[in-house]
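Below: one structure, written as structure tokens.
Bear in mind these aren't lab numbers, they're just calculated from the coordinates by the rules spelled out. Given the structure is predicted, the values throughout are model-derived calculations rather than measurements. Cβ atoms come from the backbone with ideal geometry, glycine included; neighbour counts cover every protein chain shown.
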């Protein structure tokens, strides 16, 4: 029984060494090496090649190295093969830290102070207490829930929107299409951590921005295909959105001439909000493999029809 890994070489070599010591019954190969294709039961990757089942006829599980699996086309996932996304502490903590940094930066007007520094302008602005700053999180899965817990601990008013009602201490839960407008209307800072599905593609657009309080902030660390670039630029120019922190775009990287690079009211980061930690993620991988071998439910199992 073996694993084929097709992602970051540095992380792959660490996983290979760790598994050799802690799970000697599992052989791990780094792509393009595969060992005996008939012995491959597990494939670990960010993207999957075509004809996976013809390469590995006894494949049982595809593991995503990231928090989502929307990058996997359902057409490329062989029938009967399970898909599992990565749920691990390092990835979750990184996202919570990124969102917290971004929310505090927007709340305390750090983009404005950076602009003032560049102009050599010494000017203070009123600081609104965290208790009066309403943060709305689109997507209350593992990442969104973790971010909400940190923000409420810091005193922010937090609410979240998801397809189904969620129960998180001190977080107001909105759910379903009927409650989206009410959720947006009270989000002074909107954070998007939604998975990419046919329902969320293009969701961050002119109509959604218009439903936010005027001058709202935006933090986008979901998926690049969810954001309409032209609509965001329009909202920034009109003042409907005061500032935005954008970690994901479509395409990645952006062309050199794209206005996001130089817009004064936009911070752009290169898809670094959250990354899988080699040390903790390999333990999660092994735990899920053992669960699968024992006939137990794997953590992070994806419903490919829903996309999450």
Seminar exercise, completed: Cα extents of region 92-268 per principal axis, largest first, Å, are 47, 36, 29
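Need one number: % antiparallel among DSSP beta bridges in region 92-268, to the nearest 5.
Around 5 percent antiparallel, to the nearest 5.
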Seminar exercise, completed: In nanometres, the difference between 0.36 nm per residue of separation and the alpha-carbon distance of residue 153 and residue 55 is 30.4 nm
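Just for the chain, what percent of DSSP beta bridges are antiparallel, to the closest 5?
Numbers: 2 of 45 bridges.
Given both bridge residues lie in the chain, the antiparallel proportion sits at roughly 5 percent.
With a 10 Å radius around each residue's Cβ, average the other Cβ atoms per peptide and rank 224-232, 190-198, highest first.
Values: 224-232: 18.7, 190-198: 22.8.
Highest mean packing first, the order is 190-198, 224-232.
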Exercise. What list of whole percents do you get for P(r) of the chain, with Cα-Cα distances grouped in 20 Å bins up to the one holding the largest distance?
Worked result: 31, 52, 17, 0
For this session: Report the label-to-label distance for residue 182 and residue 124 in nanometres (one decimal), using points 7 Å from each Cα along the Cα→Cβ vector.
Result: 4.0
Problem set entry | Tilt relative to the chain, helix 9-22 - C-alpha long axis, 0 to 90 degrees, to 10 | 50
Exercise. Order of 162-173, 142-153, 89-100 by packing, highest average Cβ count within 10 Å first?
Worked result: 142-153, 89-100, 162-173
Seminar exercise, completed: Site residue 13, offset 7 angstrom along Cα→Cβ, radius 16 Å on amide nitrogen, limited to region 255-281, gives 278-279
Exercise. Based solely on its DSSP helices, what 222 nm [θ] is calculated for the chain when runs of n ≥ 4 H residues each add -39,500 (n - 2.57) and the sum is averaged over all residues, nearest 500 deg cm²/dmol?
Worked result: -9000 deg cm²/dmol
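Which order do peptides 112-125, 287-300, 41-54 fall in by mean Cβ count within 10 Å, highest first? Each step should come with its number before you reach the end.
On the way: 112-125: 10.9, 287-300: 14.5, 41-54: 16.4.
The most tightly packed comes first, giving 41-54, 287-300, 112-125.
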